[in-house]
Amino acid sequence: MDEMLIAPSLLSANFACLQQEIATVEKAGADILHLDVMDGQFVKNITFGPCVVKCIRETTQMPFDVHLMIDRPERYIEDFLRIGCQWLSFHIEATDCAADIIKKIKEYNCKAAIAIKPNTDIDTITPYLADLDMVLVMSVEPGFGGQKFIEKILEKIIQLRKMPDCPKYIQVDGGINGETALKAAEAGANIFVAGSYIFKSNQISNTIQNLRDVLYG
Ligand code: DX5
Ligand code: ZN
């Protein structure tokens, strides 16, 4: 069975006690920690930036998966890389410098990913596929947690998987629960971001275990 990674999104955690929330998902066996950085420009929401990421970096061993939802990410990419992120995603809709950004991410031995919004065609990223470690396929409009999974994006995952240069990892983000994770896995995704499904559940460890059971069938 291929590797399937579960990535809780901190967006739905209680920001008043981040260290505790992170410890809970780490102990429950989550694989990587998904961190949604929003600037109020590229998306209509503002979350946190490098200062917060730096502080929480010191509290956990979990690999950091930073999802930049900011305009012109090239301005801040190195700030996140210096902190020590293991995965870094930026949106193709937000920049004209994708090739330079990927190069910079690789210089730091970090995994490079491009994120695409639900209505963005995968043709926009085909020139970069061979240089990427992951594609992040958004299954909701970026900006907020707790939205409904957009089924239409499954076709995009299927299409991507068939491409000769498709990277090893396809991440799906938005509206993920046991049911939608399984659909995305069947389409070819292997990293599953879940915010509200995990952090708003009563028993976080059971929820992560359920997700794992579903994915490994
Ligand atoms: C939304 C973020 C997601 C968000 C997912 O723009 O990129 O990572 O936290 O939240 P859920 O899992 O609740 O849809
Ligand atoms: Zn995200």
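Rule-based calculations on the coordinates, nothing more; no lab input. From a predicted model like this one, the values you see are computed outputs, not experimental measurements. Cβ coordinates were reconstructed from backbone atoms using ideal geometry, including for glycine residues, and neighbour counts include every protein chain displayed.
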So how strong a dipole does region 79-161 carry about its Cα centre when Lys and Arg Cβ are +1 and Asp and Glu Cβ are -1, to the nearest 20 debye? 260 debye
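Mean residue ellipticity at 222 nm from the helices of the chain, using -39,500 (n - 2.57) per DSSP H segment of n ≥ 4 over the full residue count, to the nearest 500 deg cm²/dmol?
On the way: 8 runs with 72 residues, N = 217.
Estimated from H runs of four or more residues: -9500 deg cm²/dmol.
Using Cα-Cα distances under 8 Å and only pairs 6 or more residues apart, what relative contact order does the chain have, in percent?
Values: 423 pairs, mean separation 46.9, N = 217.
Dividing the mean separation by the residue count of the chain yields 22 percent.
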Roughly speaking, what is the centre-to-centre gap between region 144-210 and region 63-107 when only Cα atoms are used, to the nearest Å? 21 Å
Over the alpha-carbon set of region 18-137, divide Rg by the Kirkwood Rh and report the Rg/Rh ratio to two decimals. 0.96
Could you tell me which of 73, 51, 109 has its Cα farthest along the dipole of region 1-123 towards the positive end, charges placed at Cβ (Lys, Arg +1; Asp, Glu -1), taken about the Cα centre? 51
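Between residue 121 and residue 54, what length comes free when the chain is fully extended (0.36 nm per residue of separation minus the Cα-Cα distance, one decimal in nm)?
Working: separation 67, 0.36 × 67 = 24.12 nm, distance 3.36 nm.
Contour length minus Cα-Cα distance gives 20.8 nm.
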How high is the FRET efficiency between residue 16 and residue 76 when r is their beta carbon distance and R₀ equals 30 Å, given to the nearest 0.05? 0.75
Restricting to aspartates and glutamates and to Cα separations under 20 Å from residue 168, and discarding same-chain partners fewer than 8 apart, the set is 2, 3, 31, 65, 107, 121, 123, 131, 133, 155, 186
Output wanted: per-residue J couplings in Hz (rounded whole) for region 41-55, from phi through Karplus 6.51 cos²θ - 1.76 cosθ + 1.60, θ = phi - 60°, x for Gly and Pro. 10, 5, 10, 8, 7, 10, 10, 9, x, x, 4, 5, 4, 4, 5
Rounded to the nearest 20 debye, what is the charge dipole size of the chain about its Cα centre when +1 sits on each Lys and Arg Cβ and -1 on each Asp and Glu Cβ? 260 debye
Give the lysines whose C-alpha is closer than 21 Å to that of residue 162, dropping any in the same chain fewer than 8 places away, or say none. 117, 152, 183
